[in-house]
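Working notes, structure below.
All of the numbers you see were taken from the coordinates with simple rules; none came from a lab. Just so it is clear, the structure is predicted and the values come from calculations on it, not from any experiment. Cβ: placed from backbone, ideal geometry, glycine included. Neighbour counts: every protein chain shown.
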Amino acid sequence: MKTKDKILRILKKRGQVSIHELCELLGASRQYVHRMISELEEEKVIQKLGKAPLVYYSLIQIEQEKETPIISYEKEQFLNQHFLLIDPLGNCLEGLKAMNYWCEKQQLQLTKTIDEYIETRKKYLDYFNGNGMIDGLSKLTNTAGIDQIGVDALYYLDFYAIERFGKTHLGTLMHYAKQGQNKLLMKRIADEIKQRIYNYINEQKVDAVVFVPPTISRKIQIMTELEKLLKINLPQVKVNKIKTPIIIPQKALSKIFERLANARNTFVVPQQKSYNHILIIDDAVGSGATINEIAIKLKQKKIATKITGLAITGSFKGFDVISEL
């Protein structure tokens, strides 16, 4: 029996196996087993799971391919632009392939669901202005409990989620980039949003920027990475996040008065140079409390004349906590 056939037999019997285990079971050198594994990967028979030093291999489960209905070019392009999901194995699926996968898992008819998705998504696209941004100021001003408005404008680049279909394209990337501390997804987000941010900065004559500091300790912070990736060539206004005895992240607070108290008492703005128009950038707007409280502090210290808040994603409803972020 050929070595590759032996490997396939082992994988079928044991499920997931490391190179070390294969070497012992086959009595072969590590270099030789690696070569056989590489060939099987190229043949798309097996798949790699994990990252070094914990790497395993398993058989690829081949599902019987179903005939995909033909849809129009316009519909396919719309899906390519807007529909994205990440499967349980961490594969990023986009467009028609993603929709086909979603429909299979939900046991839905594909062509009908595509039409329903396009109709639903277009309803939310109506909220975008000519600069590709969603005006969120009315959401903030209409939130009961927020008595003082610090920002002059508030925008986000997409809704985090929409009815029935869940997280949007950008919402999905944001969720997995932040929760998985995934630099590749963070770079993709930066690549997708930077031109809209640059355009706004140039058109509205923004002369300084704030990147909201994180509230939860993570090895890789999405706002720190976005700050590096966006490369906004403007002065950075300093905002400090105070460490409390027990760290309470904003997403853990479900009441608006709790969020306001948290933001008001844990963000500090030291005295520094003043600017005309400051842009505050955050990853998500749920209540808007964080951006608004930072804006209030900036104006109290006369560091800014005009302030715009900008979040990558935002909730559709008025006060709606995005607890996943």
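Details
- Amide H partners (placed H, <5 Å) of Leu154, local residues excluded: Gly136, Leu137, Gly309
- Size of charge dipole - the chain - debye, nearest 20, with Cβ of Lys, Arg +1 and Asp, Glu -1, no other charges: 1280 debye
- Under 20 Å of direct C-alpha separation, and excluding same-chain neighbours fewer than eight residues apart, Lys97 reaches these aspartates and glutamates: Glu63, Glu65, Glu67, Glu74, Glu76, Asp87, Asp115, Glu116, Glu119.
- Whole-number percent relative contact order across segment 94-157, with pairs defined as alpha carbons under 8 Å at least 6 apart: 23 percent
- Listed values (i) 29, 46, 20, 5; (ii) 32, 59, 9; (iii) 27, 46, 24, 3, entry calculated as P(r) over Cα pairs in 20 Å bins from 0, in percent: (iii)
- 0 to 90° range, to nearest 10: angle between helix 110-125 axis and the chain longest Cα axis: 20 degrees
- Sequence-ordered 3J(HN,Hα) estimates for segment 146-163 from the Karplus curve with 6.51, -1.76 and 1.60 and θ = phi - 60° stand at 8, 8, 10, 9, x, 8, 8, 8, 9, 10, 9, 8, 6, 6, 5, 8, 10, 4 Hz, glycine and proline given as x.
- Gyration tensor verdict on segment 134-314 (Cα atoms; rounded if a/c is under 1.5, prolate if a/b is larger than b/c, oblate otherwise): rounded
- Where labels lie 7 Å past Cα in the beta-carbon direction, separation of His20 and Lys273 in nm: 5.4 nm
- Cross-link pairs Lys187/Lys219; Lys167/Lys243; Lys139/Lys167 - those with Cα-Cα distance over 27 Å: Lys167/Lys243
- Amide H contacts under 5 Å for Val285, placed H, 5+ residues apart: Thr313, Gly314, Ser315
- Listing Tyr156, Tyr73, Tyr198, Tyr275 from fewest to most neighbouring C-beta atoms within 10 Å gives Tyr73, Tyr198, Tyr275, Tyr156.
- Shape of segment 3-59 from the C-alpha gyration tensor: rounded (a/c under 1.5, with a ≥ b ≥ c the square roots of its eigenvalues).
- Computed over segment 93-209: relative contact order in percent, which uses C-alpha pairs under 8 Å that are six or more apart: 15 percent
- Relative to the dominant Cα principal axis of the chain, helix 3-14 is inclined by about 60°.
- In terms of surrounding Cβ atoms within a 10 Å radius of their Cβ, Glu225, Glu163 rank from fewest to most as Glu163, Glu225.
- For the chain, the 222 nm mean residue ellipticity estimated from helices alone, with every DSSP H stretch of n ≥ 4 adding -39500 (n - 2.57) and the total spread over all residues, rounds to -13500 deg cm²/dmol.
- Shape call, segment 137-202: gyration tensor on alpha carbons, a/c limit 1.5: oblate
- About its Cα centre, segment 3-59 has a charge dipole of approximately 140 debye under the convention of +1 per Lys or Arg Cβ and -1 per Asp or Glu Cβ, with nothing else charged.
- Table column - 3J(HN,Hα) (Hz), segment 212-226, Karplus curve with 6.51, -1.76, 1.60, x for Gly and Pro: 4, x, x, 9, 10, 6, 9, 5, 10, 9, 5, 5, 5, 5, 5
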